[in-house]
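Data first, discussion second: the structure below is written as structure tokens.
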Amino acid sequence: MNWNRRIQALAGTVALAMATGFPVAAQVPPTGPGIPGNPVSPSQIGDTSAIAREAQGWLADLIKINTSNPPGNEQIAAMYLLGVLAKDGIKAEILDLTPGRSAVVARLRSAAVANPSKALLLVAHLDTVPVEKGRWTVDPFGAVIKDGYLYGRGAIDDKGMLAANLAAFISLKRSMARLNRDVIFLATDDEEGGGDASIRMLIAKHWDKFAAGFAINEGGNVFLKNGKVQYAGVQADEKVAYNIAVVARGTSGHASQPTKDNPVTHLAAALAKIGNYSAPVHFTSIVRRYFEGLAALEDDEIGKWMRSMETTDRGEHAQRVISDASPLWNAMLRDTVAPTVLAAGVANNVIPAEARANLNVRLLPGDSINTVVSDLNKLVNDPQVKLEVQPNAGLASPSSSLESEFYGVISKVVSQEFGGAPALPFQSTWLTDSAQLRLHQVQALGLVPFPLTQEDLKRMHGDDERIPLASFAKGVDVLSKIVVEFAVAH
Ligand SMILES: [Zn+2]
């Protein structure tokens, strides 16, 4: 079904649900789901339009709680979630990590004894990146609704998903459905910082509270193109981040007598070379499958080059065409190096002794930072310039399986709900909490369920972040259906 038509159909059921007074909410038993004798089939959980409206309210409230990281201050948002869950009789727990910074966990049980290897984790993070307030056209913490969009920092990343997870979780509770696995709601903190309050510490201190075999998290997206869903990229792996300091050293002196070893000049020359550097293409199995699937969805010309990338005669040219067509595709095919920060100089009339830059490096899974450093050293070829790999690099994790039952469920629901658009395995160029989960044997898959255009996706971490209200409602519906399909006994 065409996605726009589906939205119109949903709008009709919203009106119906309102007229009938939200019947699902009236069925809440005192004892909760998973109780033998209260089986509810997945089809009875069908209509999510009422809960999507509630979820829109939660999203607006969450946007109004400023969790810009740094400093995060996620505890206030965590307390808010505790209150929302308590209204439906769900006892959530706050997990404190550092002062003012907390995560939230809650569980719907399938049996008296938990089986962590089967459990499904719904993950989203409470914190957001900061804003440059002067560059926004609306208050970034005002949850302003305009032209069918809800504006605010975190609307997409990641409070939208947080609200959708909450909706899927609460509607499961209200449905009294018999679960075939525990479903765990987890709101993490310090995702954007990755520091002492992040999921790394959460796992180290509280793993037993949310240990699971499967997880759905951010990381992949539903790509909307020309008014239709083109595909859903289901993140099964992610690149690994490193930072390299480029340090040029020379002799300091009076700027009135320029010298050949001025570190500013040497650094600039090195960065000019690095800026034009393109690492060799490596195909991971996920990226190979992604392009195989995408080739059928793109126009004939692009499709042809996508299919030719591993041919011996036209491969190199094809890789160049595809890399030039999209920064995302380029970054999925190779390790990337982006200069991000420059620092040099103490005064306008002083030649400094040192000039520094930071390179943000994203490695394909399985690639080595030493190879990149060695390639860059050869390229720069300047004894005055040194490359220093910085500590706190990302961790490489195994990829999630594309053969798991959970991947199959997501593919099936995506195709049903988005008019036959396929799910394609996706290797994100960005980092998520899923890397840490995958290191703990969790089959973590990434899918922010809201259909979004490139234009809207670009606003994540940028100015005027916003989510189309129709996409939000549709995403709540899709996520709920995925959870029901996977966790409710048939
Ligand atoms: Zn995020």
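Just so you know, all these numbers are worked out from the coordinates, no wet-lab data involved. Everything numeric in this text was worked out from a predicted model, so none of it was measured. Reconstructed Cβ throughout: ideal geometry from the backbone, glycine too, with neighbour counts over all protein chains shown.
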| said: For a quick check: with amide H placed at 1.01 Å from N, whose amide H comes under 5 Å from Gln230's, ignoring anything fewer than 5 positions away on the same chain? | reply: Phe223, Leu224, Lys225
| field | Pair Val389, Asp463: separation of 7 Å Cα→Cβ label points (nm) | value | 3.8
| note | The distance between the Cα centres of the stretch 112-128 and the stretch 395-452, in whole Å, is 15
| field | Using θ = phi - 60° and Karplus 6.51 cos²θ - 1.76 cosθ + 1.60, couplings along the stretch 459-465 (whole Hz; Gly, Pro as x) | value | 7, 4, 6, x, 8, 6, 4
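Could you size up the charge dipole of the chain around its Cα centre, putting +1 on the beta carbon of Lys and Arg and -1 on that of Asp and Glu, and report it in debye to the nearest 20? Don't skip to the end; give the middle numbers.
Numbers: 46 positive and 50 negative charges, 128 e Å.
Rounded to the nearest 20 debye, it is 620 debye.
Taking GluC sites (Glu not before Pro) as exposed when DSSP calls them loop (any state but H, G, I, E, B) and at most 10 other Cβ atoms lie within 10 Å, what is the longest stretch of the chain free of them, the sites themselves excluded? Show your work: numbers first, answer last.
Details: sites that count: Glu132, Glu403.
That gives 133-402 as the longest site-free run.
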| Cα atoms only, the chain: Rg and Dmax in Å? | 24.4, 89
| request: Enumerate the calculated ³J(HN,Hα) couplings along the stretch 414-419 in order (Karplus 6.51 cos²θ - 1.76 cosθ + 1.60, θ = phi - 60°), each rounded to whole Hz, writing x wherever the residue is Gly or Pro. | output: 4, 5, 5, 8, 10, x
| query | Using 0.36 nm per residue, how much length does the chain from Ala204 to Glu405 gain when fully extended, once their Cα-Cα distance is taken away? | reply | 69.6 nm
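How high is the FRET efficiency between Lys91 and Ala325 when r is their beta carbon distance and R₀ equals 51 Å, given to the nearest 0.05?
Numbers: r = 51 Å, r/R0 = 0.99.
The pair Lys91/Ala325 has a calculated efficiency of 0.50.
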| Looking at this model, which pairs from Lys91/Lys118; Lys118/Lys304; Lys133/Lys378; Lys118/Lys146; Lys118/Lys205 are more than 31 angstrom apart at the alpha-carbon? | Lys118/Lys304; Lys133/Lys378; Lys118/Lys146
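When a/c reaches 1.5 or more, the comparison of a/b and b/c decides; with that in mind, is the stretch 440-490 rounded, prolate or oblate per its Cα gyration tensor? Each step should come with its number before you reach the end.
Values: a/c = 3.97, a/b = 1.68, b/c = 2.36.
Since a/c reaches 1.5 but b/c is at least a/b, the shape of the stretch 440-490 is classed as oblate.
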| If you stretched the chain out fully between Ala347 and Lys146, how much longer would it get, using 0.36 nm times the residue separation minus the C-alpha to C-alpha distance? | 67.7 nm
| request: Read phi for every residue in the stretch 237-254 and hand back ³J(HN,Hα) as whole Hz from Karplus 6.51 cos²θ - 1.76 cosθ + 1.60, θ = phi - 60°, with x for Gly and Pro. | output: 6, 8, 6, 10, 8, 9, 10, 10, 8, 9, 10, 9, 10, x, 9, 6, x, 6
| field | Equivalent ellipsoid, the stretch 96-222 (semi-axes from 5 times Cα gyration tensor eigenvalues, Å) | value | 29, 19, 11
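When the expected Rg is taken as 2.2 N^0.38 Å, what fraction or multiple of it is the alpha-carbon Rg of the stretch 322-393?
Values: Rg = 15.3 Å, N = 72, 2.2 N^0.38 = 11.2 Å.
Compared with the compact-globule rule of thumb, the stretch 322-393 sits at 1.37.
Report the gain in length on full extension from Lys118 to Ala296: 0.36 nm times residue separation, minus Cα-Cα distance, nm rounded to one decimal.
On the way: separation 178, 0.36 × 178 = 64.08 nm, distance 3.46 nm.
Length gained, Lys118 through Ala296: 60.6 nm.
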| field | Where a label projected 7 Å from the Cα of Glu455 along Cα→Cβ would reach, residues of the stretch 224-239 with amide N under 12 Å | value | 225-227
| request: Any chance you could check the Cα centroid distance between the stretch 295-338 and the stretch 253-289 for me, in angstrom? | output: 24
| query | From the residues Met306, Ser326, Ala279, which one has its Cα farthest along the dipole of the stretch 272-360 in the positive direction, the dipole being from +1 and -1 charges on Cβ of Lys/Arg and Asp/Glu about the Cα centre? | reply | Ala279
